[in-house]
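Okay, so here's the structure we're looking at.
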Amino acid sequence: MRIGLLDGGQRERRPATLDEHVERARLAEDVGLASVWFSNIYGHDAMTAAALAARVTTRIELGTAITPTYPRHPYAMAQQAASTGAAARGRFTLGVGPSHRVVVEDMWGLSYDRAYAHTREYLSVLVPLLSTGKIEHAGTRFTVRAHLTSIDGLPVPVLLAGLGPKMLALAGTLAAGTITWMVGARTLRDHIVPRVREAAAQAGRPAPRIVVELPLALTGDVAAARELAGRMFKTYASLPAYRAMLDREGAAGPAEVAVVGDHDAIGEQLLRLAEAGATDFNAAPFSLGEHDAGLDACLRSLVRIGAEIGGEGVVAKLIESSEGR
């Protein structure tokens, strides 16, 4: 399981600057993480941040998690993604999703009706453009006969954020996999992974990526960290898509699915995600203290955990420790 950083729009509970996004990408590469992903909520545009981060890094994968589909025509999305891919020299992955009704309708004033049909046709335009640079599509929502002349950033893999059965099937059939948020190990194992893998297999596609993202706190005070997570991420418990995943997990709220504890405890939690089928884990660190040294220590610990999970002896030790609790 590859370990990465989900770099959100907040830093120490204030909006992050663009320079801070870029510096955290540099830090993530320096400590040895596999990837860094930028959220696209209310802050800086995620693809812009990724393109700038690409110019100060050489190895690390850069991605968006996620860029909403509704505000961008699929050709515009493809053009920007191809440009970001060129900046990253093949290290960029585009994560997209339809977002939520409360965002699309109440904030943007657009219609969220038939979100699945919208997403299916959107991917039918976007994925070919980012694979071959060309599309000939006449549908009910989009008619696009166009090509990209700048193809030095292609191909760009596309991941779909989907939680319901039909969206998960799309992630396996049309995209390269899925990205989840607020999904625990049980739901991952029983709901997410089987649906995406089955759809990919039926479509004759390669094994899909299953990118899992969760809040994470490296701490000795588990109770305080979970209480903080409950307050910081409480909004997600009220959004229908995430509420359904928390209910599947048997979790009252985000605090119960957050990854919290010392080095060994976090290792055990990440091992369970890997065993459930996660190919990638992206940490969204919180409760870091006042200085970036806290983030540095957290990321370095995650790199060590990733190496430990890859070792059979340590895996057995973690399983034994977990079963003894």
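Data table
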| quantity | calculated |
| --- | --- |
| Global geometry of segment 126-213, whether rounded, prolate or oblate, following the gyration tensor of its Cα atoms and the 1.5 cut on a/c | prolate |
| Estimated FRET transfer efficiency (residue 224, residue 73; beta-carbon r; R0 41 Å; 0.05) | 0.35 |
| Per residue accessible area in Å² of segment 115-193, where ligands, DNA and RNA are left out and the probe is 1.4 Å | 39 |
| Within the chain, percent of DSSP bridges classed antiparallel, to nearest 5 | 15 |
| Nearest-ten-degree value, helix 292-309 long axis tilted from longest Cα axis of the chain | 90 |
| Loop trypsin sites (Lys or Arg not before Pro), segment 7-73 (other Cβ atoms within 10 Å of the site Cβ: 13 or fewer; DSSP) | 13, 55, 59 |
| Whole-angstrom gap from segment 154-176 to segment 13-88, using each part's C-alpha centre | 19 |
| Check: the chain dipole with +1 on Lys, Arg Cβ and -1 on Asp, Glu Cβ, in debye | 1020 |
| Helix 240-249 vs. the chain, principal-axis angle (Cα, 0 to 90°, nearest 10) | 40 |
| Per-peptide average of other Cβ atoms within 10 Å, ordering 176-182, 148-154 highest first | 176-182, 148-154 |
| Whole-percent carbon and sulfur share, accessible surface of the chain, 1.4 Å | 52 |
| FRET efficiency, residue 42 to residue 134 (Cβ-Cβ, R0 41 Å, nearest 0.05) | 0.75 |
| Relative contact order %, segment 38-99, counting alpha carbon pairs below 8 Å whose residues are six or more apart | 41 |
| Segment 154-248, dipole about Cα centre (Lys/Arg Cβ +1, Asp/Glu Cβ -1), debye to the nearest 20 | 180 |
| By average C-beta atoms within 10 angstrom, highest first, the peptides 196-202, 221-227 | 196-202, 221-227 |
| Spin-label pair residue 116/residue 205, simplified geometry with 7 Å Cα→Cβ offset, distance in nm | 1.6 |
| Alpha-carbon centroids, segment 107-122 and segment 203-276: separation in whole Å | 27 |
| Relative contact order of the chain, pairs being alpha-carbon contacts under 8 Å that are 6 or more residues apart, as % | 17 |
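The values are calculated or read from the model by the stated rules, or taken from the named source; none is laboratory data. None of these values were measured; they are calculated from a predicted model. Quick reminder, even Gly has a Cβ in these numbers, built from the backbone with ideal geometry, and neighbours come from all protein chains shown. For accessibility, only protein heavy atoms count, side chains too; no ligands or nucleic acids. Shrake-Rupley method; radii C 1.70, N 1.55, O 1.52, S 1.80 Å.
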